[in-house]
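K.L.:
Below you will find the structure I want to go over with you.
The values are calculated or read from the model by the stated rules, or taken from the named source; none is laboratory data. No experiment lies behind these values; they were computed from the predicted model shown. Every residue, glycine as well, gets a Cβ built from its backbone with ideal geometry; the counts of neighbours run over all protein chains shown.
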Amino acid sequence: GTAPDGGDCRPRPPISFELFPPRTDAAALALGRTIDRLADVDPSFMSVTFGAGGSSRDRSLTLLRHVLEHTRVEPMAHLTCVGSSHAEANRLVREFLDAGITSFLALRGDPPAGADPEAGLGDLRSAAELVQLIHRVQEEREPFGQAGIPGIPGATSIRERPRPERVAVAAFPTGHPRSRDAQQDIDTLLAKEVAGANLAITQLFWDADDYLGFVARARSGGVTMPILPGIMPVTTPARLARLAELTGVPAPGGLAASLAADPDPDRQFAIGVEHAARLTDDVLDGGAPGLHLYTFNRHEAVLAVLDRLGLRTRAYAGTERNSRTP
Ligand code: FAD
């Protein structure tokens, strides 16, 4: 259990946030303030989504550069490979590395709606192949790693930041909408780890047992990388319905009913935050190695969840950072 006053018996777990690239100048301005508030929590990383087929490439890169230049937080770039050739994917990874981005969430992505699922997938047919490609491109660029350049005393990377080189992948506690059966979801995840992934981040789920059961099955299937639960506080009925459509994960009846029953936005906010906080508490109690929060580019609800669980304070952050620094 957790004491809301921060008098907690467990150390603060690593926290990360997901953002999406804004479409307007006004949205970009608001997002700048949101990022400042989120950065105050000292998250492990902030990830930035990538529009289907690369449609947001420039906007994603702009947002990642903002995180890199204006915060001390590690930016993580989502990349998708559906529809691209080997050469295009190679160029894309290089371009992000050139911008100083060294952490990725490698995704297959989805073919455009209505497309023949077999046609036009491109050269890379799974996220695992993109994971391999990211590693290959990184190695080609920096054959000496971060230890310096052999034979040249004192010559090290000009970068001041540590090089985290996280290569994350997606995991689906309630099953990928297109997967044959639950075993295929584990097999796919294992294939991604074998390809070089070192972190998994889950799709939304609404029941702690879905996540905990999935992690247990992944472990017995041989997956060893940390599996971060992806959690989103949902504070309006419309958004809850839209999420079910987007993710294929059915909305929880109880939350849908409570949100629908109370038209007051403040009380809807409180209901959504409480629901997400309880889910978070349950997965952390069950051993989740951290917490990945989907923000919808707003800080209020995710920070309220952290407050509700006494996880907001920076006091724990030092421990976390020390444990990652060699
Ligand atoms: P993969 O891991 O390659 O596979 C997905 C599923 O396909 C598997 O579970 C398996 O059932 C099936 N499969 C895989 N390989 C095979 C095979 N060889 N034969 C048959 N079936 C197979 N999308 C975006 O466009 N942009 C984003 O920024 C983005 N961010 C995301 C972040 C997270 C945390 C998550 C969970 C999803 C995100 N997505 C994003 C959505 C993602 O692109 C889709 O869910 C996509 O359908 C699957 O991508 P994947 O990386 O899981 O694919």
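K.L.:
Report yes if some residue within region 113-131 is modelled with pLDDT of 95 or more, in contact with a Gly (Cβ under 6 Å, 6 or more places away or on another chain) and within 16 Å of the ligand (Cβ to nearest atom); otherwise report no.
P.N.:
Among the residues of region 113-131, at least one is modelled with pLDDT of 95 or more, in contact with a Gly (Cβ under 6 Å, 6 or more places away or on another chain) and within 16 Å of the ligand (Cβ to nearest atom), which makes the answer yes.
K.L.:
Given (1) at pLDDT below 95; (2) among the charged types (D, E, K, R); (3) within 23 Å of Val41 (Cβ to Cβ), where does Asp282 come up short, assuming only one miss?
P.N.:
Of (1) at pLDDT below 95; (2) among the charged types (D, E, K, R); (3) within 23 Å of Val41 (Cβ to Cβ), only one is false for Asp282: (1).
K.L.:
I've got another one for you. Would you confirm whether any residue within region 245-253 is within 29 Å of Val67 (Cα to Cα) and either surrounded by fewer than 16 Cβ atoms within 10 Å (Cβ to Cβ) or touching a strand residue (DSSP E or B) at 6+ places or on another chain (Cβ under 7 Å) (or both)?
P.N.:
Yes, the conditions are met somewhere in region 245-253.
K.L.:
Oh, and also: Using the structure shown, decide if Asp58 is within 16 Å of the ligand (Cβ to nearest atom), surrounded by fewer than 18 Cβ atoms within 10 Å (Cβ to Cβ), of a type outside the set (Val, Ile, Thr) and not in a loop (DSSP other than H, G, I, E, B).
P.N.:
When the stated conditions are applied, Asp58 passes them.
K.L.:
Answer with yes or no whether Thr71 is within 12 Å of the ligand (Cβ to nearest atom), of a type in the set (S, T, N, Q) and in contact with a helix residue (DSSP H, G or I) (Cβ under 8 Å, 6 or more places away or on another chain). It would help to see each step written out before you state the result.
P.N.:
Values: within 12 Å of the ligand (Cβ to nearest atom): no; of a type in the set (S, T, N, Q): yes; in contact with a helix residue (DSSP H, G or I) (Cβ under 8 Å, 6 or more places away or on another chain): yes.
So Thr71 does not fit the description; no.
K.L.:
Which residues, taken from region 33-53, are in contact with a strand residue (DSSP E or B) (Cβ under 8 Å, 6 or more places away or on another chain) and within 9 Å of the ligand (Cβ to nearest atom)?
P.N.:
Listed by number, the residues that qualify are Ser47, Val48, Thr49, Phe50, Ala52, Gly53.
K.L.:
Go through (1) among the aromatic types (Phe, Trp, Tyr); (2) more than 17 Å from the chain's Cα centre (by Cα); (3) surrounded by 19 or more Cβ atoms within 10 Å (Cβ to Cβ) one by one and return the number of the condition Phe269 breaks.
P.N.:
For Phe269, the exception is condition (3).
K.L.:
Would you pick out the residues in region 74-83 that are within 14 Å of the chain's Cα centre (by Cα) and within 13 Å of the ligand (Cβ to nearest atom)?
P.N.:
Within region 74-83, Met76, Ala77, His78, Leu79, Thr80 meet the criteria.
K.L.:
Filter region 171-229 down to the residues that are basic (Lys, Arg) and near the ligand (Cβ under 8 Å from one of its atoms), then identify the one that is surrounded by the most Cβ atoms within 10 Å (Cβ to Cβ).
P.N.:
Lys192
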